[in-house]
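Visitor: One structure, as structure tokens, below. Some questions next.
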Amino acid sequence: MAPEIIKAVEMYTEKVDIWSLGIMMLEFAYGEPPYLNLPQTQVCYMILTMNPPELDAHKWSANMREFVKICLTKEPKERPSAEDLLNHEFLQDADNRMRG
């Protein structure tokens, strides 16, 4: 859940979906979402008070780690837009590899 939704300070926007994308990428990478075995109240507290989870530098590329990191920017006004993400090097590299 995005920090702004937990705090109930902002309406649902596309920035919530960007946060969710970052969390989903962590889930894809590790096979489960962060904090899976913790009570929901503790997870909400951790989202608000701790740095967001990150990908392991030994297993994932710098571009992918940066992409996830910016998706998980706590302040929604500073979180990238979908257009920003489409222009991120991580997706550009993936597109180039797909095109051969």
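Visitor: Suppose the filter is among the aliphatic types (A, V, I, L, M) and at pLDDT below 95; does Ala94 pass it?
Guide: It is true that Ala94 is among the aliphatic types (A, V, I, L, M) and at pLDDT below 95.
Visitor: Are there any pairs, at least 6 apart or on different chains, whose C-beta atoms fall under 8 Å, with the first in segment 33-53 and assigned to a helix (DSSP H, G or I) and the second among the aromatic types (Phe, Trp, Tyr) and surrounded by 11 or more Cβ atoms within 10 Å (Cβ to Cβ), and if so, which?
Guide: Gln42/Tyr35; Val43/Tyr35; Met46/Tyr35
Visitor: Same structure again: So, in segment 8-53, how many residues would count as being under 15 Å from Ile70 (Cβ atoms) and loosely packed, with under 10 Cβ neighbours inside 10 Å?
Guide: 1
Visitor: Same structure again: If we scan segment 85-92, do we find a residue that is among the polar types (S, T, N, Q) and part of a helix (DSSP H, G or I)?
Guide: Among the residues of segment 85-92, at least one is among the polar types (S, T, N, Q) and part of a helix (DSSP H, G or I), which makes the answer yes.
Visitor: Looking at segment 1-50, which of its residues are within 10 Å of the chain's Cα centre (by Cα) and of a type in the set (A, V, I, L, M)?
Guide: Result: Ala2, Val16, Ile18, Leu21, Ile23, Met24, Met25, Leu26.
Visitor: Name the single residue that is surrounded by the most Cβ atoms within 10 Å (Cβ to Cβ) among those in segment 54-74 being of a type outside the set (A, V, I, L, M) and closer than 15 Å to Glu14 by Cβ.
Guide: Cys71
Visitor: Still on this structure, please answer the following. Taking the conditions exactly as written (outside any helix (DSSP H, G or I), out of contact with any helix residue (DSSP H, G or I) (no Cβ under 6 Å at 6 or more places or on another chain) and more than 23 Å from Val9 (Cα to Cα)), does Lys77 satisfy them or not?
Guide: It is false that Lys77 is outside any helix (DSSP H, G or I), out of contact with any helix residue (DSSP H, G or I) (no Cβ under 6 Å at 6 or more places or on another chain) and more than 23 Å from Val9 (Cα to Cα).
Visitor: Let me ask you something else. Of the residues that make up segment 92-100, is at least one surrounded by 11 or more Cβ atoms within 10 Å (Cβ to Cβ), within 29 Å of Lys7 (Cβ to Cβ) and of a type in the set (Gly, Ala, Ser)?
Guide: No, there is no match, as no residue in segment 92-100 is surrounded by 11 or more Cβ atoms within 10 Å (Cβ to Cβ), within 29 Å of Lys7 (Cβ to Cβ) and of a type in the set (Gly, Ala, Ser).
Visitor: Could you list, in sequence order, the residues of segment 54-72 that are in a helix (DSSP H, G or I) and either touching a strand residue (DSSP E or B) at 6+ places or on another chain (Cβ under 7 Å) or free of Cβ contacts under 8 Å to residues at least 12 places away in the same chain (or both)?
Guide: Scanning segment 54-72 gives Ala62, Arg65.
The values are calculated or read from the model by the stated rules, or taken from the named source; none is laboratory data. No experiment lies behind these values; they were computed from the predicted model shown. We place every Cβ from the backbone using ideal geometry, glycine too, and count neighbours over all the protein chains shown.
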